[in-house]
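Okay, so here's the structure we're looking at.
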Amino acid sequence: METDYTTLTEAVAAKVWETMNMAAGNIDVAPFDEQDDMVKFNLRSQVLPFVTVIVPVVKSHFEQAVKDKLIGIINESHDEGHDPEFTLLALTAELSESED
């Protein structure tokens, strides 16, 4: 699955803007998407390096953790002699719980 870094950078910049202003007590400041283009460009350019470095690391770690978990469920189901339908049900249940 490809990552849309433009959209992700925009979301991170908006969250950083919100967090910075809330921490400073500036609750009456307009949202990030209503700011001047130069303010938005400046903040996006500051968060972009972090997004492009951190996201691939987190994505890789998360994907490996999911694979390990699913493989563990398959192996456990096989070792206990369950049929394929049970295994698929167990995998589906695990994926449903992971979304919360």
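Here are a few things to note about the model shown:
- Which numbered condition VAL58 fails, given (1) surrounded by fewer than 11 Cβ atoms within 10 Å (Cβ to Cβ); (2) in contact (Cβ under 8 Å) with a residue 40 or more places away in the chain: (2)
- Scope segment 34-76; condition within 21 Å of GLU18 (Cα to Cα) and among the basic types (Lys, Arg); matching residues: LYS40, ARG44
- Checking each residue in segment 61-88 for being among the charged types (D, E, K, R) and under 25 Å from the mean Cα position of the chain (by Cα) picks out GLU63, LYS67, ASP68, LYS69.
- Selection from segment 34-60 of residues that are under 15 Å from THR6 (Cβ atoms) and hydroxyl-bearing (Ser, Thr, Tyr): SER45, THR52
- PHE41 modelled with pLDDT under 95, surrounded by 12 or more Cβ atoms within 10 Å (Cβ to Cβ), of a type in the set (A, V, I, L, M, F, W, C) and over 21 Å from GLU97 (Cα atoms): no
- Top-ranked residue in segment 1-38 [being among the aliphatic types (A, V, I, L, M) and in contact with a helix residue (DSSP H, G or I) (Cβ under 8 Å, 6 or more places away or on another chain); ranked as modelled with the lowest pLDDT]: ILE27
- Filter result for GLU94 (at pLDDT below 95 and either within 21 Å of THR6 (Cα to Cα) or loosely packed, with under 12 Cβ neighbours inside 10 Å (or both)): no
The values are calculated or read from the model by the stated rules, or taken from the named source; none is laboratory data. Values in this document were obtained by computation on a predicted structure and should not be read as measured data. As a convention, Cβ positions derive from the backbone with ideal geometry for all residues, glycine included, and neighbour counts pool all protein chains shown.
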